[in-house]
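Undergrad: The structure follows.
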Amino acid sequence: MKGISQMRMSFTNRFKKSRFVSGLAAAGAAALIVSGCTSATTDEADDAADSAASESAAEETPAVSLILKNLTNPFFVAMEEGARQKAEEVGVDLTVGAGKEEGDDQGQIDLIESAIAQGQDGILIVPMSTNVNAAIEEAREAGLFVIALDTPTEPADVVSSTFATDNCLAGEAIGEWTAGKLDGEKAVIAQLVIFDDRVVPVDFCRANGFLMGMGIDVPILEEMDSAETSGNYTTGAGGEYEIACLEATGASEEGGRSGMERCLASNPDINVVYTINEPTAFGANAALEAAGKEIGEDVYVVSVDGGLAGVEGVQDGQIQATSQQYPLRMASFGVQAIYDIATGGEPPENTSANGEFFDTGVALCTDDPQDTVVAADQESTEYCIENAWG
């Protein structure tokens with residue numbers, strides 16, 4: 001995928017609880033010398049120490065913090081549900097917290113510092129922005145295994161591992177669908193993103209992935225305004241495009257409405273609306289309908305997330321296509337991974353096609369599939385509703 005390698009970095013850092021094991025090995029060796037048991041080899045002593053360490057770890061209840069962006073967005077509610085279910089299943093002491101609102105970096109930093117102070121085993125975090133990087137690094141230095149959920153850090157190796165949707169592919173899929181649906185018609189695009197004042201990988205990857213899916217050149221993936229504001233898209237039949245606006249919405253319904261109103265004020269001819277998530281799309285639709293636009297005819301609205309309300313919106317024609325991700329799965333797998341590590345197991349292996357993160361999957365939900373879509377499997381709204389969260 002063109003440009004994606006600019007963001008991704010290999011997750012090669014591995015977590016090791018070495019001091020405890022080394023201490024046991026040293027104590028075991030000293031005991032053998034004192035007792036005169038010289039027949040035991042160093043390897044045997046090490047094996048005994050490893051076994052003792054595993055047994056001791058298994059007796060303790062692993063402690064994990066799940067740190068979200070907020071506790072009200074259905075996406076994060078699903079994450080909490082998945083984490084709690086798995087924690088109860090395997091026996092993990094789970095602490096759940098979040099920022100007060102989108103953009104509350106300090107709230108997340110406080111929760112990270114609390115997990116460190118409590119001596120927890122690991123953290124699952126949907127990082128707010130690069131402003132929390134220093135606190136994450138502090139946690140890892142203290143011995144916690146930190147997994148980013150959904151939102152990769154920038155740079156990627158700030159955390160121990162990432163469990164996420166491939167957000168760039170999710171964006172590409174809805175861009176490919178849009179280009180196919182336009183079938184050569186000029187695209188006048190509104191981009192409704194989360195922020196315009198900070199770097200958030202899920203934000204730039206979805207938005208620029210959408211443009212790349214349409215066949216628009218994005219020179220710098222990490223920069224939201226990197227693409228030319230006009231030119232030609234090349235996917236499918238191809239055609240002219242114009243980026244009419246790029247508005248920060250906070251990923252909320254109200255932000256979507258007000259952002260769309262500003263876009264329409266600057267260019268009433270908008271016929272394609274990219275939204276960071278489905279609540280933003282519903283807000284945008286209110287502004288579009290107030291302006292007399294018929295959604296699905298005068299304007300195509302596409303999004304990412306695939307929550308139940310969002311997929312029902314696709315089924316009802318409020319959204320034409322959305323990329324579905326699986327937050328419950330992300331959090332459940334994350335709790336299991338930290339439990340495994342805390343009880344003597346190995347860190348998770350990356351499963352993405354490029355081997356750089358743990359891929360929890362994506363599907364494009366639409367009842368109007370397009371031949372131009374290759375970034376993800378296209379599924380019906382019936383299938384997506386059966387697999388939706390929220």
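The values are calculated or read from the model by the stated rules, or taken from the named source; none is laboratory data. As the structure is a computational prediction, the values presented were derived from the model and not from experiment. Counting neighbours? That spans all protein chains shown, and the Cβs are built from the backbone with ideal geometry, glycine included. SASA here: full protein model, heavy atoms, side chains in, ligands and nucleic acids out. Shrake-Rupley method; radii C 1.70, N 1.55, O 1.52, S 1.80 Å.
Undergrad: Residues that are open to solvent by 60 Å² or more (accessible area, probe 1.4 Å) and more than 23 Å from the chain's Cα centre (by Cα): does the stretch 252-259 have at least one?
TA: Yes; the residues of the stretch 252-259 include at least one that is open to solvent by 60 Å² or more (accessible area, probe 1.4 Å) and more than 23 Å from the chain's Cα centre (by Cα).
Undergrad: For the stretch 154-172, indicate whether the set of residues that are in contact with a Ser or Thr (Cβ under 6 Å, 6 or more places away or on another chain) and part of a helix (DSSP H, G or I) is non-empty.
TA: yes
Undergrad: Inside the stretch 174-183, can you point out the residues that are open to solvent by 10 Å² or more (accessible area, probe 1.4 Å) and either touching an Asp or Glu at 6+ places or on another chain (Cβ under 9 Å) or modelled with pLDDT under 95 (or both)?
TA: 180, 181
Undergrad: Going through the stretch 335-390 one residue at a time, which ones are in contact (Cβ under 8 Å) with a residue 40 or more places away in the chain, of a type in the set (Phe, Trp, Tyr) and either surrounded by fewer than 22 Cβ atoms within 10 Å (Cβ to Cβ) or on the phi > 0 side of the Ramachandran plot (or both)?
TA: Passing the criteria: 339, 358.
Undergrad: Is it the case, given these coordinates, that residue 319 is crowded, with 24+ Cβ neighbours inside 10 Å, under 24 Å from the mean Cα position of the chain (by Cα) and in a loop (DSSP other than H, G, I, E, B)?
TA: yes
Undergrad: Kindly list, by first and then second residue, each pair from a residue in the stretch 90-110 that is on the phi < 0 side of the Ramachandran plot to a residue that is basic (Lys, Arg) and surrounded by 18 or more Cβ atoms within 10 Å (Cβ to Cβ), limited to pairs with Cβ atoms under 7 Å and residues at least 6 apart or on different chains.
TA: What qualifies is 98/69; 99/69; 102/69.
Undergrad: For the stretch 185-294, list the strands (runs of 3 or more DSSP E) that sit wholly inside it and hold at least 1 residues that are under 21 Å from residue 152 (Cβ atoms) and of a type in the set (S, T, N, Q); which are they?
TA: Values: elements: 187-193, 230-233, 239-248, 272-275.
Because the criterion is at least 1 residues that are under 21 Å from residue 152 (Cβ atoms) and of a type in the set (S, T, N, Q), the strands (runs of 3 or more DSSP E) in the stretch 185-294 that meet it are 187-193, 272-275.
Undergrad: Scan the stretch 172-211 for residues that are over 18 Å from residue 278 (Cβ atoms), in contact with a strand residue (DSSP E or B) (Cβ under 8 Å, 6 or more places away or on another chain), touching a residue at least 60 places away in the same chain (Cβ under 8 Å) and small (Gly, Ala, Ser) and report the count.
TA: Counting residues in the stretch 172-211 that are over 18 Å from residue 278 (Cβ atoms), in contact with a strand residue (DSSP E or B) (Cβ under 8 Å, 6 or more places away or on another chain), touching a residue at least 60 places away in the same chain (Cβ under 8 Å) and small (Gly, Ala, Ser) gives 2.
Undergrad: Separate question: How many residues does the stretch 341-390 contain that are within 30 Å of residue 300 (Cα to Cα), assigned to a loop (DSSP other than H, G, I, E, B), touching a strand residue (DSSP E or B) at 6+ places or on another chain (Cβ under 9 Å) and among the hydrophobic types (A, V, I, L, M, F, W, C)?
TA: Of the residues in that region, 5 qualify.
Undergrad: Also, quick follow-up: Go through (1) without any contact (Cβ under 8 Å) to a residue 60 or more places away in the chain; (2) surrounded by fewer than 23 Cβ atoms within 10 Å (Cβ to Cβ); (3) assigned to a helix (DSSP H, G or I) and name the single condition residue 309 misses.
TA: All conditions pass for residue 309, except number (1).
Undergrad: Among (1) open to solvent by 10 Å² or more (accessible area, probe 1.4 Å); (2) more than 25 Å from residue 373 (Cβ to Cβ), where does residue 244 come up short?
TA: (2)
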